[in-house]
Amino acid sequence: MNISIVGSGYVGLVTGVCLAHIGHRIICVDNDPEKIKRLKRGEIPIFEPELEGLLKRYFKLKKLSFTVSIKEATQKTDVIFIAVGTPSKKNGDADLTFVENVAREIAVNMNSYKLVVEKSTVPTATGMRVQRTIALNLPKKFQSNKKKTIAFDVASNPEFLREGSAVHDFMNPDRIVIGVESKKAEDLLREIYKPLKAPIVVTNINSAEMIKHASNSFLATKISFINAIAQVCDRVGADVLKVAEGMGFDKRIGRNFLDAGIGYGGSCFPKDVDAFISLSERSGYDFALLKAVRNINEHQKRSFVRLIEDKLWIIKNKTIGILGVAFKPNTDDMRNAPSIDIIQHLQSEGATIKAYDPQAVEKAKPCLPGVQFCKDVFSTVSDCDCLLLLTQWDEFKKVDFKKVKQVMRQTIIFDGRNFFEKEKLEALGFEYFGIGRGKL
Ligand code: NAD
């Protein structure tokens, strides 16, 4: 099928490349001309495993093209996915300006039937508003003559991929959610996803939008739940790793998302939880549970900083080495990374910060002024008074701690992800502090 994707960021680009991979002809659109220029040269503006090779292959095969023109994309394709950002407003609501702009631009350029699909994460009832925006902005000749008006459908198809394994997730989804109001829209979306052979949940648009918000909120709740458990573990001498293991074998609970740490970050959970709280409030329901989830998440960062202050004593003039700044491993995404708040606090107390991340340094530089970025682990930890692990990249598993010990000024490790082996490090003579490992 001929499909266009408006918004070529983490979601749009992966969607475009993967839909090309399963046999469709794709036009990826972005209003950032620099991004489109780079994509046409075969350069990808983000780090995402597997993406670059596939992008180059389908670009060469002319199954994938790039443009800044929504007009071109609308007129040359039958199905248009909207995958632009939906950031938070100051009051927590989702800012849907980009979605509205795109809907309007699609409308004015319509030349035949189109299926417009929301891929972006949006609050319930956005589909209805997109529908209305398109109807109000159709070319005048279609508006004035009701008999000759142009037919179109709006659908919701939320995305559940995770950055860092986005291509794999897109190609192997647990389920595909399709929110539609017409059989034609359902048939088109079923046809698009047929090669993936995944379970398909068909519902109306409002429920599809709600499924995405409810899913992200539930996952954030699981993270905050285990972080709250970790807080108690520290106070009563239990080990959260064992607690999570013991809970996780229970099929009703599951082991996933029971990793205690410095809290969730990234471009989705914080903003989607905020937006869902806001949406619930507007609808007349006080979602106290989600407010607690958000508070626990914020508390987790503060309590990590307090732990460092307690064990390091004076922060002023101390040099702190940081491994990992991206919000999670296998991505260069710095949006809402917990590292930002933690580093800013330590800087405000007078610490010198050295940091290393395998992929996120370029994106981290503007978010973390004053940080000295290093080329590898050893230059980062050299002459440091303590080491902080903030992102659990695989390559940190291979670090030779015997050598690390020789170059650090004080051998203290704060493991914000419970990633290193406490016993091994303690046997080497490090002071080790994890999250919820008991007896602080
Ligand atoms: P992003 O910021 O990486 O990408 C959005 C892109 O849209 C940018 O490249 C921007 O230039 C472009 N854009 C904005 N306005 C435009 C316009 N008028 N015309 C053309 N292009 C325009 O965002 P993202 O992380 O890909 O997220 C997109 C949506 O998907 C959000 O709603 C997000 O919540 C949702 N989502 C994200 C993830 C994730 O892991 N990142 C997962 C699932 C869902």
_Scope the range 384-393; condition assigned to a loop (DSSP other than H, G, I, E, B) and open to solvent by less than 20 Å² (accessible area, probe 1.4 Å); matching residues_ = Cys384, Asp385, Leu390, Thr391, Trp393
*Quick one: is Ala151 more than 13 Å from the ligand (Cβ to nearest atom) and under 24 Å from Arg25 (Cβ atoms)?*
yes
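Which residues, counting only those in the range 48-105, are of a type in the set (D, E, K, R) and farther than 29 Å from Lys184 by Cα?
The answer is Glu48, Glu50, Glu52, Lys56, Arg57, Lys60, Lys89, Lys90, Asp93, Asp95.
Go through Lys141, Lys194, Lys184, Lys114 for me and flag whichever is of a type in the set (Lys, Arg), open to solvent by less than 10 Å² (accessible area, probe 1.4 Å) and more than 14 Å from the ligand (Cβ to nearest atom).
Lys114
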_Hits in the range 155-181 - residues which are more than 16 Å from the ligand (Cβ to nearest atom) and open to solvent by less than 20 Å² (accessible area, probe 1.4 Å)_ = Val180
*Only residues in the range 120-133 that are assigned by TED's automatic domain parsing to the domain that holds Ala107 and closer than 18 Å to Ile277 by Cα count as the first member; pair them with residues that are polar (S, T, N, Q) and more than 15 Å from the ligand (Cβ to nearest atom), Cβ under 7 angstrom, at least 6 apart or cross-chain, and list the lot.*
Thr124/Asn206; Ala125/Asn206
*In the range 72-102, what residues are under 22 Å from Cys28 (Cα atoms), touching a helix residue (DSSP H, G or I) at 6+ places or on another chain (Cβ under 9 Å), charged (D, E, K, R) and more than 10 Å from the ligand (Cβ to nearest atom)?*
Asp78
*Can you give me the ranges of the helices (runs of 4 or more DSSP H) entirely in the range 269-383 with at least 1 residues that are touching a Pro at 6+ places or on another chain (Cβ under 9 Å), at pLDDT 95 or above and surrounded by 19 or more Cβ atoms within 10 Å (Cβ to Cβ)?*
269-282, 288-312
*Across the range 22-58, which residue is farthest from Arg335 (Cα to Cα) among those that are crowded, with 20+ Cβ neighbours inside 10 Å and away from the ligand (no atom under 16 Å from the Cβ)?*
His24
*Got at least one residue in the range 394-407 being assigned by TED's automatic domain parsing to the domain that holds Ala260, open to solvent by 10 Å² or more (accessible area, probe 1.4 Å) and under 23 Å from the mean Cα position of the chain (by Cα)?*
yes
*Unique residue being of a type in the set (A, V, I, L, M, F, W, C) and open to solvent by 30 Å² or more (accessible area, probe 1.4 Å) when the list is Val68, Val17*: Val68
_Looking at Ala351, Ala337, Ala364, can you tell me which residue is free of Cβ contacts under 8 Å to residues at least 40 places away in the same chain and under 19 Å from Gly265 (Cα atoms)?_
Ala364
*Give me a count of the residues in the range 66-109 that are of a type in the set (Ser, Thr, Tyr) and over 25 Å from Cys268 (Cα atoms).*
4
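The values are calculated or read from the model by the stated rules, or taken from the named source; none is laboratory data. Given the structure is predicted, the values throughout are model-derived calculations rather than measurements. Ideal geometry is used to build each Cβ from the backbone, glycine not excepted, and the neighbour counts take in all protein chains shown. Side chains are part of the model used for accessible areas, which takes the heavy atoms of the whole protein and leaves out ligands, DNA and RNA. Shrake-Rupley method; radii C 1.70, N 1.55, O 1.52, S 1.80 Å.
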